[in-house]
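Please read the structure below before turning to the comments.
The values are calculated or read from the model by the stated rules, or taken from the named source; none is laboratory data. From a predicted model like this one, the values you see are computed outputs, not experimental measurements. Cβ placement follows ideal geometry from the backbone for every residue including glycine, while neighbour counts extend to all protein chains displayed. Accessible surface is based on the protein model in full, side chains and every heavy atom, while ligands, DNA and RNA are left aside. Shrake-Rupley method; radii C 1.70, N 1.55, O 1.52, S 1.80 Å.
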Amino acid sequence: MEKKAFQKVYTQLQAITKATIAVKAQGIGNDELAIVGGRLAQVVRIIGDMVTLQVFSGTEGIATNTEVIFLGEPPTLNVSDDLVGRFFDAYGKPFFGEKREIRGEKREIGGPSVNPYRRKQPSDYIHTGIAGIDLNNALVTGQKIPFFANPDQPYNQVMAMVALRAKVDKIILGGMGLSNDDFLYFKKMFENAGVLDRIICFVNTTEQPPVERLLIPDMALAAAEYFAVDKNENVLVLLTDMTQYADALSIVSNRMDQIPSKDSMPGSLYSDLAKIYEKAVQLPEGGSITIIAVTTLNEGDITHAVPDNTGYITEGQLFLRKDSDTGKVIVDPFRSLSRLKQLVIGKQTREDHPQVMNAAVRLYADAANAKTKLENGFELSDYDKRCLDFAKDYAEKLLAVDVNIDSTEMLDKTWDLFSKYFKKEEVRIKDEFTSKYWK
Amino acid sequence: MKTKGKVTGIIANLVIVEVDGPVSQNEICFVSLGEVKLMAEVIKITGSRAFIQVFESTRGLKTGNVVEFEGHMLEVSLGPGILSSIYDGLQNNLKTMDGVFLKRGEYTSPLNPDTEWNFKPLAKAGDTVKAGSYLGEVPENNLSHKIMLPFKFRGNYTVKSVADEGSYTVNHVIAVVVDEHGGEHDVTMVQKWAVKLPITCYKNKPRPFRIMETGVRIFDTFNPMAEGGTGFIPGPFGSGKTVLQHALAKQAEADVIIMAACGERANEVVEIFVEFPELNDPRTGRKLMERTIIVCNTSNMPVAAREASVYTAMTLGEYYRAMGLKTLLLADSTSRWAQALREMSNRLEELPGADAFPMDLSAVISNFYSRAGYVELENDKSGSVTFIGTVSPAGGNLKEPVTESTKKVARCFYALSQARADSKRYPAVDPVDSYSKYLEYPEIQEYLNETVEDRWHEKVAESKNIILRGKEAAEQINILGDDGVPLEYHDRFWKSELIDFIILQQDAFDKTDSSTPMERQKYMLNLVLEICRRSPEFENFEECASYYTDLINIMKQLNYSEYGSEKFMNYEKQILDKTGIKNNN
Ligand SMILES: Nc1ncnc2c1ncn2[C@@H]1O[C@H](COP(=O)(O)OP(=O)(O)O)[C@@H](O)[C@H]1O
Ligand SMILES: [Mg+2]
């Protein structure tokens, strides 16, 4: 970034912390960008003529006489088709030493919200082929939903699989604190699938400074808004890992002496996350932004402030867990939830979908109870035993993430299992469906 | 002359202003930023420095920018045309805003100035009137919207003239009144009121004594809400708070429903826009949207306006109450409002209370809930604001400041349980922990005796007891094993399951099951209790389980069938045959 004649330049820093610097300056706008000793920074507080800036790549080596150049505008992204098929860093600079800057119209990132009255109701079923999703937790365009997963689970793989199977016009990856290996995995996966004509990546890897991550979601979503609003396209945004994003937020707020609330996260965590997730939208002209994110958990703890606030914002969550009976990764039917599923199931899928889904999950829960009984050394009833057998089959033939079938097949398979293990009255489905589908 | 000021500090949406004249707490002001003016509210004053919270993004704001103070607090406009509106937290009309995106500094009029209303006078020249007296009325959807002497008017006035019956716009003068000193005042169909102040134009506020029917069985049968009562629904995410509130909004027996979508998902508000204009109000046959007002400040909208949104909604409720109407105010979620207070309090560097919430949180919540209530008006009519808020406790743990403060003031407690939600036992209201204090009011018990059945509350207590004993039996079975307990324990457990599955659980997405009229609730509770009072002989626990599972299955089908239909009768017969109960209808 070059210095231009009209830009304000200062060289007397008043304070330096690990993530922020303060300088005396006049006529500076809130949220404005600056270059501090060659590094990008953003105004976060102005008191009188004392301006505090957050330096994205950290302040190591910054001196009291380092040059501060104010750029006079908040962060922006150039948008056009020129974005497609390319990999960028948190500032929107091309990765892999590529020199060509993005051509296109300059847009502010982190812009305003859609008027709720102009929104349309999300209404298009997204097919993923994974029964733990399509059958039990159907996704809809315009939805926002995270995977809740422990760090050792293959969340990025499952997410990539979902992205590639979903029929969308663009896939935008926002990688935050992505390991270099995972980054290359995504890249390779996209290349192999031959979808470079519909992907765009903004990535901050673990090798790059953590605070830079704060720009990633806004960059990815500014690009998404361009394609969804200007071009009426269906855009899928993948954000991984939002826990790392939140960690970066806490670094900045703690260094600005804000009173931390739960789990040393800033008190504004809910609003900060909501601003990102609420960019998911079904637009009146037909475009949409769907957000699938990853929130990594600390040993499955969902009461931690990050997953907790996320759950209150997103339209459900998908839990990954390893099924001990089959050894396969499944989408946990108990704790997972898609809040928008009722908009499409039984409407864009077969009529018996809602009832079949509920009955299967209930029987799976009975199996879990039977298992507890068994572990406590009690004798199992005949019903208990049948539940356990059902559960194993259900996990293997439907829940496992490596199963890839369409929704009607999922329903048929579930009916198969019902009649194999149960009596009609144990399944408790409306008579009109049982008489039609019971095998 | 208006007080002016200059920006001297900016911390997110907290702005510090050096002022040149008097300012008051909660005064509204506008901050200039280029072409636009951003609305803000004074939240603290020290010397000549005013701390203001800006209701919009402060991106690009600079020190030195000019601020103009308005001399009044945040006010709403009250008049015909509020019903069916969709407002943001500051009462801007979202329908009339341009473009797909919200624009900073764009404020739209809450009432359409061009709509003509058919005015009919109710007062005449020479009448003595005071604040809240009805001067005339206009039809608004299917309600009679009373045009009142503005609430700001103090003391007695004499009516000088009232407009003739005819069509007028809201800003037309429809009456002239004379105060005690001979001063004349014009009255239009619109008045303004500061949202933070309660509207108190009523004679008195007796204890609630009537039930507000909701069609939700776990409310009406088990823990009834009173008309003019207060209640809250705490629960972790995904436990069903919003679905429950939407059910109440659709089904509750109220004249006006106000939904404050406070800091939650935009798509949930869209659901209301989409569904309510299509759905019928079963009582009037009119579209639900006709009786509904939406105040929406979703999580991505400016945080400071979130706090305003619940007050705006409450003020609208009080306004319709003053017309002698039953209003139901639903706020989802009051925790987001508390969090907005917390964000601001932290920026002000105030001494934090528990979980970094402001110290006075309890008082703020209690003041707000106390604005609800059943009132007797000066003209001997009555009206009510019933308030039900949701609470979103961090980590689902009810030991946190918002839940605890709310529990002190709200009379009904509908605790949603994670375990029930996980096993899809919706609505996930915990039958043991939840309560309605109204059920203990003698006047409510009397009301139930008369409107439902003599000694109804005793039957409710009986069924609650069955639930409790069933829970204890289940614990014993879990510890000692199926064979380790007497058969009677299984019987007890299954009786509580029967009540759980048939009365407590209710499918919010089924056309028939979603709403149960009181008449049908009475039938169901009687039938279920009749079954529970019997003790059939079983050979073993498996036979017991199978007896009740069968019964639950048939009775679920009964719940899904239209009351009194052929299908219904058919299932009823199956139940009677199976249990040996005689049909006594
Ligand atoms: N009464 C009900 N009947 C059927 N499903 C329900 C019911 N209540 C809640 N649910 C399910 O639970 C999900 C979450 O409910 P919601 O009210 O949005 O939770 P909360 O507001 O507490 O986060 C819904 O999307 C729906 O799938
Ligand atoms: Mg909710």
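Structural remarks
- Partner aspartates and glutamates for B:Lys287 [C-alpha distance under 16 Å; skip if fewer than 8 residues away on the same chain]: B:Glu140, B:Glu253, B:Asp255, B:Glu271, B:Glu275, B:Glu278
- Filter on B:Lys152/B:Lys192; A:Lys188/A:Lys328; A:Lys413/A:Lys436; B:Lys130/B:Lys203; B:Lys522/B:Lys556; A:Lys275/B:Lys241 - keep pairs with C-alpha separation over 18 Å: A:Lys188/A:Lys328; A:Lys275/B:Lys241
- Scanning chain B for GluC sites (Glu not before Pro) lying in DSSP loops with no more than 16 further Cβ atoms inside 10 Å, the longest uninterrupted stretch between such sites is B:181-277.
- For the listed residue pairs A:Lys322/A:Lys371; A:Lys347/A:Lys430; A:Lys322/B:Lys471; B:Lys205/B:Lys326, the alpha carbons are over 20 angstrom apart in A:Lys322/B:Lys471.
- Computed over chain A with a Gaussian network model linking Cα atoms closer than 10 Å, the most mobile of A:Ala163, A:Ala365, A:Ala138 is A:Ala365.
- Of all DSSP beta bridges in chain A, antiparallel share, percent nearest 5: 60
- Antiparallel content of DSSP bridges confined to the protein assembly as shown, in %, to 5: 65
- Crossing angle, helix B:541-560 versus chain B [Cα axis fit, 0-90 degrees, rounded to tens]: 40
- Coil-residue GluC sites (Glu not before Pro) of region A:99-175, DSSP, other Cβ within 10 Å capped at 15: A:Glu101
- Accessible carbon and sulfur surface of the protein assembly as shown relative to its total accessible area, %, 1.4 Å: 48
- A 1.4 Å probe run over region B:92-183, with the rest of the protein chains in place, finds 49 Å² accessible per residue.
- Dipole magnitude of the protein assembly as shown about its Cα centre (Cβ charges: Lys, Arg +1; Asp, Glu -1), debye to nearest 20: 1460
- Largest mean-square fluctuation among A:Asp152, A:Asp169, A:Asp308, in a Gaussian network model of chain A whose springs join Cα atoms under 10 Å apart, belongs to A:Asp152.
- Sequentially through region A:117-124, phi angles give Karplus couplings (6.51, -1.76, 1.60; θ = phi - 60°) of 5, 8, 5, 10, 6, x, 8, 10 Hz, Gly and Pro residues having no value and appearing as x.
- Reachable aspartates and glutamates, given that their alpha-carbon falls under 12 Å from the alpha-carbon of B:Lys408 and they are not under 8 places away in the same chain: none
- Cα shape, the protein assembly as shown, gyration tensor, a/c 1.5 rule: oblate
- Whether region A:76-342 is rounded, prolate or oblate, judged on the alpha carbon gyration tensor where a/c under 1.5 counts as rounded: rounded
- Counting 0.36 nm for each residue step from B:Thr451 to B:Glu519 and taking away their Cα separation leaves a gain of 23.5 nm.
- Within chain B, percent of DSSP bridges classed antiparallel, to nearest 5: 70
- Shape of region A:222-339, Cα gyration tensor, a/c cut at 1.5: oblate
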